[in-house]
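In what follows, a structure is listed as structure tokens, so that the remarks can point back to it.
The values are calculated or read from the model by the stated rules, or taken from the named source; none is laboratory data. Predicted model only: the values in this text are computed from it and were never measured. FYI the Cβ positions are ideal-geometry reconstructions off the backbone, even for glycines, and counts take in every protein chain you see. For the accessible areas, the whole protein counts, side chains as well, though only heavy atoms, and no ligand, DNA or RNA atoms are used. Shrake-Rupley method; radii C 1.70, N 1.55, O 1.52, S 1.80 Å.
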Amino acid sequence: PYTTLFRSFHVDNDMNLYIGTQEQGLAIVKLNEVENANSYNFYNEESNIDQKIESNRITGIQEDDKNNIWVSSYNGLHLFNKNKKIFIHQSKLLKEKLPTVIINSISLKGNSIWLATPGGLFKLKYNDNKLSLEDSVTKENGLNSDFICSITFDRNAKIWLSTHTEIVSYDENKRITT
């Protein structure tokens with residue numbers, strides 16, 4: 001039997017449902033068309049150029065303040081161009097190279113994109129159709145482990161990270177982990 005493991009989902013401001021899977025890539029459907037199997041657009045590694053995303057393992061889907069859709073995966077970060085209905089891989093947006101392409105989790109705060117990876121926590125900014133690396137938090141900055149599983153924020157502007165061994169808070173302004 002055909003089974004799909006769902007890893008993430010998101011409903012955008014235009015009422016589109018984005019569904020990220022463990023091994024089948026990503027599907028997009030209008031929320032009011034979810035019952036119609038023919039209404040889904042599928043994006044994966046094997047798709048033609050127009051419907052290609054560079055990974056079948058989707059780990060997160062987020063929408064920023066400018067209605068950009070960001071998709072994290074086991075092969076980096078992808079920006080969905082809603083007008084052209086194509087995904088743009090981070091390699092076309094980011095001139096710096098991250099130490100890993102695997103992204104375990106994504107979180108947005110203001111105009112920052114935070115990536116949890118096996119190589120640490122990374123903060124990116126998106127301006128003028130380009131990504132730039134703004135900050136990184138690793139063992140060199142005081143973490144006990146570089147393997148970050150997940151990220152969230154509290155109302156006091158602290159960033160909370162989970163690793164394989166602990167939950168850590170990070171004060172971005174003071175650059176202190178506790």
Check: Could you count how many residues in the stretch 79-92 are farther than 19 Å from ILE148 by Cβ and either outside any loop (DSSP other than H, G, I, E, B) or at pLDDT 95 or above (or both)?
Finding: 9
Next item on the list: Pick out the one residue from LYS92, LYS109, LYS85 that is at positive phi and either in contact (Cβ under 8 Å) with a residue 12 or more places away in the chain or open to solvent by 20 Å² or more (accessible area, probe 1.4 Å) (or both).
Entry: LYS85
Next item on the list: Mind listing whichever residues of the stretch 49-73 are assigned to a strand (DSSP E or B) and at pLDDT below 95?
Entry: LYS52
Check: Which of the residues belonging to the stretch 38-48 are part of a helix (DSSP H, G or I) and either open to solvent by 80 Å² or more (accessible area, probe 1.4 Å) or β-branched (Val, Ile, Thr) (or both)?
Finding: ASN38
Checklist line | the stretch 1-23, subset assigned to a loop (DSSP other than H, G, I, E, B) and either among the aliphatic types (A, V, I, L, M) or in contact with a strand residue (DSSP E or B) (Cβ under 6 Å, 6 or more places away or on another chain) (or both), residue farthest from TRP70 (Cα to Cα) | finding: THR4
Note to self: Considering only residues that are over 13 Å from the mean Cα position of the chain (by Cα) and assigned to a strand (DSSP E or B), which ones fall in the stretch 109-124?
What the structure shows: GLY120
Check: Restricting the search to the stretch 125-141, which residues are in a loop (DSSP other than H, G, I, E, B) and buried (at least 16 other Cβ atoms within 10 Å of the Cβ)?
Finding: THR138
Check: Is it true that GLU35 is outside any helix (DSSP H, G or I), in contact (Cβ under 8 Å) with a residue 24 or more places away in the chain, open to solvent by 20 Å² or more (accessible area, probe 1.4 Å) and of a type in the set (D, E, K, R)?
Finding: no
Note to self: Can you pull out every residue in the stretch 93-108 that is in a strand (DSSP E or B) and either in contact with a helix residue (DSSP H, G or I) (Cβ under 6 Å, 6 or more places away or on another chain) or among the aliphatic types (A, V, I, L, M) (or both)?
What the structure shows: LEU94, ILE106, LEU108
Note to self: Checking the structure you have, find out if any residue of the stretch 150-165 is part of a loop (DSSP other than H, G, I, E, B), under 29 Å from GLN24 (Cβ atoms) and at pLDDT below 95.
What the structure shows: yes
